[in-house]
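Heads up: the structure comes next, in C-alpha cells.
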Amino acid sequence: MQIRHIKISNFRGIHHMEWAIPSSVVCMLGPGNSTKSTILDAIEHTLAPRWYVPFEDCDFYLGDTSNPIEIIVTVGQVPSKLLSDEKFGLYLRGWSEAAGLRDEPQGNDEPVLSIRLYVDESLEPQWTVINERAPDGRRISSTDRELLGLTRLGSYVDRHLSWSKGSSLSHLTSAKSNASSILAEANRMAQKAVRTGITTEFKEVAKQAQDMANSLAVQHKSEFVPALDPKGIDIGSGAISIYEGNVPVRLGGLGDRRLVALGLQLLCVSKGAILLIDEVEYALEPYRIRHLLQKLQQLTGDSSSSAGQVIMTSHNHTVVVELASEKLCVVRSKDGTTTVIPVGKALQSIVRSVPESVLSRKILVCEGKTEYGLCRSLDNFWATEEHKRPFAFFSVTIVEGGGHSAPQRARELVSLGYDVCLFIDSDKIDELQTDIQTLSQNGVEVIYWEGKVAIEERIALDLPWEAVRQIVDLAVKLKDEQSVFDTICTKLKSNRNSIGTDIDEWKKQGYSENTIRKAIGESAKEGKWFKRVDYGEQLGKIVTSQLNKMPENDLKKKIQALSKWVYGKHS
C-alpha cells in the first residue's frame, strides 16, 4: 500500500492542506511548529486500525468546533479484500501522477480508495470511504483498516516488541488468536509453559526479527525467542514478547530497541505496509542513521504492487545529506495553510553542501566566509551585549553562499518557501543587477554596500581610526608583518623600509587618512586576510566593539538592515 494524496481541514494547526505524496520514501523537513508531526497524526488517526480515537476541542483548528475536522487519505495498491463490490469496489477512484485524483478511473489510472475521517463538535470520529458519486460514503471498520498495514514508530517503541494489538509482530503473525490461549495457559503454568506452548509461527517471526536486527547492525548475545514477559501479563497478547536469550529485548538500550522495532516494521513494509516515523534519527548515531536510510530505500525500491511506503520527519543533517533530494519535502505553515514543497533533483547540490539550510525558517545567505564570520559575531554581540534573542530563537540559519554562486543559492532557497536574505559585496554589483532584481521580486532581501566595494574595504573605510589600527594588528597576527605591510605600502606606491609600519606616522608623512584606509581595505581584500570563517569572526569582533561609537555611515546602516531582517519587529 502507498498513500497517494492527503487532504486535511481544521485539524490542530492545519486549517487547510493538500499534498500529493511523490514517492515510496518521503522525509518531511522544516522547523518546529511547521505541522510535520500533525500530518503524521492525521494519517495515523485516519488509517490506523483503532475502533475509537479520542478527540478534544483543542484538536480543532483554533479550538473552533463549529468547523469540523476532515482528513481524507487516498491510498493506492489497495488489498484485494477491500475491492469487492460487497466492500468498497463501487467507491474506487483513479490516480495518476499527471492528472492527479479523478473520481472516475480512466485509462491507466491506478485504482485508489479515499478514506475520510470526520469529527464534528460531538467529538465522535467517523471513518468512511468516499467519492464524489457518494459523498456520504460507506463506513470502514477498524478491521478493514487493519488490512492497510499502517504502523507508526515514535518515541515509545516497546509495544512493537510484543504481540500486542496493532504491533508489528501482530501484523507479521497470522495466527494471532493463539496468543490468548497461550497466555491463559501461561497464567497457570508460568513462563516455562509459555515457552513450551509457543507456536512455530511465533518462533519464525522472532527469527525474522533477529535477522532484520542483524542487517541493521544491532549486536546481540543470544537468539531472539518468544517468551512470557511478566510486565505484560495483564494486557492480553502483549504479554508475549521478543526475548534475547532470557532477557526481554525491551530492556535493551533505546537505540537498539528502536532499531529492532524498526526492523519489524520494515518487514511489514516489505509486505506492503505503510510506516510512519517521527524523527527518524532519534537515539541513533550518525553511522546507524546512514545504514538505516539505505535499508529503507532498498526495501521500498521494489516496483512491484506489494511495495510499501515510509513517511518520516527529521531535523538531522545526516538524514538530509544521505537521502536523495527528490525524497525530501519542506513543510511550511502560514496562517493555517500548510504547504509541502518537494526539494527535487535540481536542488541536490545545495542540500548536500548546506544541509542546515533546509532545517530552518529564515536563511541568511552570506557571499563568503568573511561575511559569514561577521554575521556570527553580530549574532553573539546582539545576544550578549544588547540582550536580544540569538538568531536560533528566530530559526535563522547563516549559510555560506560560495562566492559568485550566492545569488543562485538564495534563489533556490526562496523557491522552497524560506524567508531569505542575501548579504553580498558590491564590487561586482553591475554584473548582479539582473539577479538582484529577480531576487527582490521573489521576496529576497538583498543587502550590499554602497560604492562598489568588498566587505574588507567597507570596514576599513567606515570604522573609527582606532579600530582600523586593530584591523592591521589582527592581520599581522593572522598572516605576518612583512606580507601585510608590503601589500599596503605597494598600494601607497611606497615601500615598508622608507615609510615604516606605523599607520599614524604615515599621516604625518603626507598620506591622507582616506588614502590609507583605501590601501588597507584593498590589501585586505586582495591578500585574503580574513577569508576564513574564524578570521572573519575575529574581524567581526572589532566591528561590533565599535558599533555604538560609529556615525550613521554605510557600514552601520547595512548592519542595522541585517538586524531588522533578523529581528523584524523585535529589532
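The values are calculated or read from the model by the stated rules, or taken from the named source; none is laboratory data. Because the structure is predicted, anything quoted here is derived from the model rather than measured. Here Cβ is always computed from backbone atoms with ideal geometry, including for glycine, and neighbour counts include all displayed protein chains.
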How do the pairs read when you match residues in the stretch 82-107 that are without any contact (Cβ under 8 Å) to a residue 12 or more places away in the chain and more than 12 Å from ILE130 (Cα to Cα) with residues anywhere that are surrounded by 11 or more Cβ atoms within 10 Å (Cβ to Cβ) and among the small types (Gly, Ala, Ser), using Cβ under 6 Å and keeping only pairs 6 or more apart or on different chains? ARG102/GLY94
Would it be correct to say that VAL310 is in a strand (DSSP E or B) and modelled with pLDDT of 75 or more? yes
Taking into account only those residues within the stretch 99-134 that are over 22 Å from ASP85 (Cβ atoms) and hydroxyl-bearing (Ser, Thr, Tyr), which is surrounded by the most Cβ atoms within 10 Å (Cβ to Cβ)? TYR118
Looking at the stretch 550-560, is at least one residue out of contact with any Phe, Trp or Tyr (no Cβ under 9 Å at 6 or more places or on another chain), touching a residue at least 12 places away in the same chain (Cβ under 8 Å) and surrounded by fewer than 17 Cβ atoms within 10 Å (Cβ to Cβ)? yes
Would it be correct to say that ASN67 is in contact with a Gly (Cβ under 9 Å, 6 or more places away or on another chain), touching a residue at least 40 places away in the same chain (Cβ under 8 Å) and either part of a loop (DSSP other than H, G, I, E, B) or small (Gly, Ala, Ser) (or both)? no
Out of (1) in a helix (DSSP H, G or I); (2) of a type outside the set (Gly, Ala, Ser); (3) more than 16 Å from ILE3 (Cα to Cα), the odd one out for PRO105 is which? (1)
Can you give me the ranges of the helices (runs of 4 or more DSSP H) entirely in the stretch 472-537 with at least 2 residues that are modelled with pLDDT of 95 or more, β-branched (Val, Ile, Thr) and closer than 30 Å to VAL399 by Cα? none
Considering only the stretch 116-152, state which residues are in a strand (DSSP E or B) and among the hydroxyl-bearing types (Ser, Thr, Tyr). TYR118, THR128, THR151
Looking only at the stretch 321-328, decide whether some residue is surrounded by fewer than 19 Cβ atoms within 10 Å (Cβ to Cβ) and under 30 Å from GLU537 (Cα atoms). yes
Which of the residues spanning the stretch 70-102 are part of a strand (DSSP E or B), over 16 Å from ARG116 (Cβ atoms) and out of contact with any Lys or Arg (no Cβ under 7 Å at 6 or more places or on another chain)? SER96, GLY100
Of the criteria (1) touching a residue at least 40 places away in the same chain (Cβ under 8 Å); (2) more than 18 Å from LEU378 (Cβ to Cβ); (3) loosely packed, with under 14 Cβ neighbours inside 10 Å, which one TYR418 fails: (3)
Is it the case that some residue within the stretch 522-539 is buried (at least 20 other Cβ atoms within 10 Å of the Cβ) and basic (Lys, Arg)? yes
Do any residues in the stretch 244-256 that are closer than 11 Å to VAL225 by Cβ have Cβ atoms under 6 Å from those of residues that are surrounded by fewer than 17 Cβ atoms within 10 Å (Cβ to Cβ) and among the polar types (S, T, N, Q), where the two are at least six apart or on different chains, and which pairs are they? GLU244/SER222; GLY245/SER222
